[in-house]
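Enquirer: Before I ask anything, let me first share the structure, which is written out below as structure tokens.
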Amino acid sequence: MTSSLYPKVPLDKRPDFYKILSVAGLYTIISGMINGIAVVELTTPVGYTSGGCVNAGRFYAAGDMKQGSKVLAMCTLYYAGGILAGVWPKGCDGDLVFEGKTSPGMLLSSLLVLLGIWLKRHRERPTLAMQCWALSQGLMNATSSSFSAVPMRATHTAGGQTDAAMSLGKAFMNFLRGEVVPCQRKVYLNAICCAGMILGGLLAGKTQKKYGCVAALFPAGALAFSATILPRMIAPALTENGPIEEKKK
């Protein structure tokens, strides 16, 4: 059950749409950086499982059971992040950041990134670091996907691209028929998320060359910021009858 100040209000009717775009952009920059660094430092992206499952199958086909099992374990830990969010819904509520409240789920995700850095740099355990980062990404994605207005899917853009593309296709047909073209906020949201991923990958490429796995301190810090300080910065002004933004809608 959501505790949102805007209960069951869909994305197209949210009065804080620009805040939503900003938060989604930040989340995807963070995830893009983590995955970009992971590709070089840990040999695989850790924020989505489609490619991981395909690669696990490829490794098994080549007889590399160790590598296949390592990648499959990464996919499993990403999945475990969603399970954790499911058993801890109050801590992984995607609405918290928009209500001015600390997000425990995102904060834990940040701490898992830090643990992964420590395991890779100081204990030379890249496989364990991979699992920590996968769990972190699974938790981050599950928390952002729990946002009541629309699932943000902070760690990958494929689902959002499909939604946006279908929305554009339907809008085009409405336009040809002379019918009302529906709101295209999902298209704008996905465009921001795609741009965030690209920027995150760019930043990962620049920082990883200089700092190695320690470069992940940047997205870990940004994630902690998004969980603690950012909610206070974007919290809606409240009256006894609800948020001012809602009254202006």
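Enquirer: Cross-link list Lys19/Lys206; Lys186/Lys206; Lys13/Lys210; Lys8/Lys70; Lys70/Lys209; Lys70/Lys186: which exceed 32 angstrom alpha carbon to alpha carbon?
Expert: Check vs 32 Å cut-off fails for Lys13/Lys210; Lys8/Lys70; Lys70/Lys186.
Enquirer: Can you run phi through the Karplus equation (6.51, -1.76, 1.60; θ = phi - 60°) for segment 18-23 and list ³J(HN,Hα) in whole Hz, with x for Gly and Pro?
Expert: 5, 5, 4, 4, 5, 5
Enquirer: Moving on. Can you put Phe147, Phe218 in order, fewest other beta carbons within 10 Å first?
Expert: Listing Phe147, Phe218 from fewest to most nearby Cβ atoms yields Phe218, Phe147.
Enquirer: At q = 0.14, 0.19, 0.21, 0.22 Å⁻¹, what is the log10 ratio I(q)/I(0) for segment 113-184, with the Debye formula run over Cα points and no solvent?
Expert: Log10 I(q)/I(0), no solvent term: -0.62, -0.82, -0.89, -0.92.
Enquirer: Kirkwood Rh over Cα pairs of segment 3-149 into Stokes-Einstein at 25 °C, 0.890 mPa s: D in µm²/s?
Expert: Once the numbers are plugged in, D ends up at 153 µm²/s.
Enquirer: Sort Ile37, Ile117, Ile83 so the one with the fewest other Cβ atoms within 10 Å of its own Cβ comes first.
Expert: Exposure proxy ranking, most exposed first: Ile83, Ile117, Ile37.
Enquirer: Another question, if that's okay. Round to a whole angstrom and tell me the spacing of the C-alpha centers of segment 178-207 and segment 1-71.
Expert: Segment 178-207 and segment 1-71 have Cα centres spaced 14 Å from each other.
Enquirer: Moving on to the next point. Quick check on packing: order 181-188, 99-106, 166-173 by the mean number of other C-beta atoms within 10 Å, highest mean leading.
Expert: Top of the packing list down: 99-106, 181-188, 166-173.
Enquirer: If I model a spin label as a point 7 Å beyond the Cα along the Cα-Cβ vector, how far apart are those points for Ile229 and Leu111 in nm?
Expert: If labels sit at Ile229 and Leu111, their model points lie 2.0 nm apart.
Enquirer: Another one. What's the magnitude of the charge dipole for the chain around its Cα centre, counting Lys and Arg as +1 and Asp and Glu as -1 at the beta-carbon? Answer in Debye, nearest 20.
Expert: 340
Enquirer: At 222 nm, what helix-only mean residue ellipticity would the chain give, in deg cm²/dmol to the nearest 500, using -39500 (n - 2.57) for each DSSP H run of four or more?
Expert: Value at 222 nm, helices only: -22500 deg cm²/dmol.
Enquirer: Return, for the Cα atoms of segment 28-81, the radius of gyration and Dmax in Å, separated by a comma.
Expert: In Å, with Rg to one decimal and Dmax whole: 11.3, 36.
Enquirer: Compute for segment 121-249: radius of gyration divided by Kirkwood radius, i.e. Rg/Rh, restricted to C-alpha atoms, rounded to two decimals.
Expert: Here Rg/Rh amounts to 1.08.
Quick note: the coordinates plus some simple rules give every number you see, no bench work behind them. Predicted model, so just to flag it, every value in this text is computed and none were measured. Because the Cβ atoms are built from the backbone with ideal geometry, glycine has one as well, and the counts that use them run over all protein chains shown.
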